[in-house]
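A.B. asks: Below you'll find the structure I mean.
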Amino acid sequence: MARKPFIAGNWKMNNTIEQGLALVNALKTAKNKNNADIMVAPSFTAINAVANALKGTGFIVAAQDCYFEEKGAFTSQVSPEQIKEAGATAVILGHSERRALFGDTNEILNKKIAAALRHNLQVIYCVGETLAEREANKIEQVITSQLVEGLKGYSAEDLKTLVIAYEPVWAIGTGKTATPEQAEEVHALIRKVLTNMLGADFANNTRILYGGSVKAENVDFIMAKDNVDGVLVGGQALIAEKFTRIIDYE
């Protein structure tokens, strides 16, 4: 059975509530001719307004992170229960910016995944290597450790809604994009690691997205690859015309 495409937009620290509402109202015009799952991830402040605006459309609204504790003296952190109450049904965890700038380790992310799953949030778990790691031929080692350590202790049933996003760190916000062949190679590796961890059925059913300077101009080539089930888009997810074209890829 073919895996359902998954097109996700990560707004990062962009858009006021008003700007976010204007964007999602424009995105409602997408034909979604590929019958994809479509997700947007606004800032915490806009989750509620965006979720209300998208009620009944089928769009998925995600948070960009969550903390692993339920409540307490954790100034500035936001719990899974809080993002769920605001209207999110999914959460992005392990984005390379969280790993690089804010110290999210595989161990921390394993706890965050547990917290998200306790509240029935769909997890989009990001993995990817830096340029130095790629040039040192450590891609397999890095990706494998991020998957094994991040997903440690979970069964295939626990992770049945899991989505993996492969983001080569060297391609995020740089304008550089992994070639479709490079993306396919790492996606196949991810599927192999998932097979070893949780079985072939789980690996074959899990959707793997590519993220890293995805554009309207290159999405068709990326999506043509067998092991690429969708994309996680940054900058062009903020432009309605561009993201609509990505949703309606050829």
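A.B. asks: When the stretch 1-15 is examined, which residues are found to be surrounded by 13 or more Cβ atoms within 10 Å (Cβ to Cβ) and out of contact with any strand residue (DSSP E or B) (no Cβ under 9 Å at 6 or more places or on another chain)?
C.D. replies: Of everything in the stretch 1-15, those that are surrounded by 13 or more Cβ atoms within 10 Å (Cβ to Cβ) and out of contact with any strand residue (DSSP E or B) (no Cβ under 9 Å at 6 or more places or on another chain) turn out to be Asn14, Asn15.
A.B. asks: For Ile222, state whether it is within 15 Å of the chain's Cα centre (by Cα) and not small (Gly, Ala, Ser).
C.D. replies: When the stated conditions are applied, Ile222 does not pass them.
A.B. asks: So, of the residues in the stretch 103-131 that are over 16 Å from Gln182 (Cβ atoms) and without any contact (Cβ under 8 Å) to a residue 40 or more places away in the chain, which turns out to be surrounded by the fewest Cβ atoms within 10 Å (Cβ to Cβ)?
C.D. replies: It comes out as Gly103.
A.B. asks: Restricting to the stretch 153-176, give me the number of residues that are under 17 Å from Ile124 (Cβ atoms) and in a loop (DSSP other than H, G, I, E, B).
C.D. replies: Here the count works out to 9.
A.B. asks: Now for a separate question. Listed residues Val142, Val233; which is surrounded by 14 or more Cβ atoms within 10 Å (Cβ to Cβ), farther than 28 Å from Ser43 by Cα and modelled with pLDDT of 95 or more?
C.D. replies: None of the other options fit; the residue is Val142.
A.B. asks: For the stretch 150-170, give me each residue that is acidic (Asp, Glu) and crowded, with 24+ Cβ neighbours inside 10 Å.
C.D. replies: Glu167
A.B. asks: Could you check, for the stretch 22-37, whether at least one of its residues is touching a residue at least 24 places away in the same chain (Cβ under 8 Å), in contact with a strand residue (DSSP E or B) (Cβ under 6 Å, 6 or more places away or on another chain) and in a strand (DSSP E or B)?
C.D. replies: Yes: the stretch 22-37 contains one or more residues that are touching a residue at least 24 places away in the same chain (Cβ under 8 Å), in contact with a strand residue (DSSP E or B) (Cβ under 6 Å, 6 or more places away or on another chain) and in a strand (DSSP E or B).
A.B. asks: Is one or more of the residues making up the stretch 178-191 under 19 Å from Asp65 (Cα atoms) and among the β-branched types (Val, Ile, Thr)?
C.D. replies: The answer is no; no qualifying residue exists.
A.B. asks: Which pairs have Cβ atoms under 6 Å, sit 6 or more apart or on different chains, and link a residue in the stretch 201-220 that is more than 17 Å from Lys12 (Cα to Cα) to one that is surrounded by fewer than 18 Cβ atoms within 10 Å (Cβ to Cβ) and among the acidic types (Asp, Glu)?
C.D. replies: Asp220/Glu250
A.B. asks: Would you mind stating whether Glu241 is surrounded by fewer than 20 Cβ atoms within 10 Å (Cβ to Cβ) and assigned to a loop (DSSP other than H, G, I, E, B)?
C.D. replies: no
A.B. asks: Those residues that are part of a loop (DSSP other than H, G, I, E, B) and surrounded by 17 or more Cβ atoms within 10 Å (Cβ to Cβ), I need them from the stretch 177-200; list them, please.
C.D. replies: Result: Thr177, Ala178.
A.B. asks: Return a yes/no flag: does the stretch 128-139 have any residue that is within 15 Å of the chain's Cα centre (by Cα), at pLDDT 95 or above, over 15 Å from Asp65 (Cβ atoms) and among the hydrophobic types (A, V, I, L, M, F, W, C).
C.D. replies: No, because not a single residue in the stretch 128-139 is within 15 Å of the chain's Cα centre (by Cα), at pLDDT 95 or above, over 15 Å from Asp65 (Cβ atoms) and among the hydrophobic types (A, V, I, L, M, F, W, C).
A.B. asks: Right, another one. Keeping to the stretch 89-98, report how many residues are closer than 22 Å to Gly212 by Cβ, free of Cβ contacts under 8 Å to residues at least 40 places away in the same chain and surrounded by fewer than 23 Cβ atoms within 10 Å (Cβ to Cβ).
C.D. replies: Residues flagged as closer than 22 Å to Gly212 by Cβ, free of Cβ contacts under 8 Å to residues at least 40 places away in the same chain and surrounded by fewer than 23 Cβ atoms within 10 Å (Cβ to Cβ) within the stretch 89-98 amount to 1.
The values are calculated or read from the model by the stated rules, or taken from the named source; none is laboratory data. Note that the structure is a prediction, hence the values are computed from the model and not measured. Every residue, glycine among them, receives a Cβ derived from its backbone with ideal geometry; neighbour counts consider all protein chains shown.
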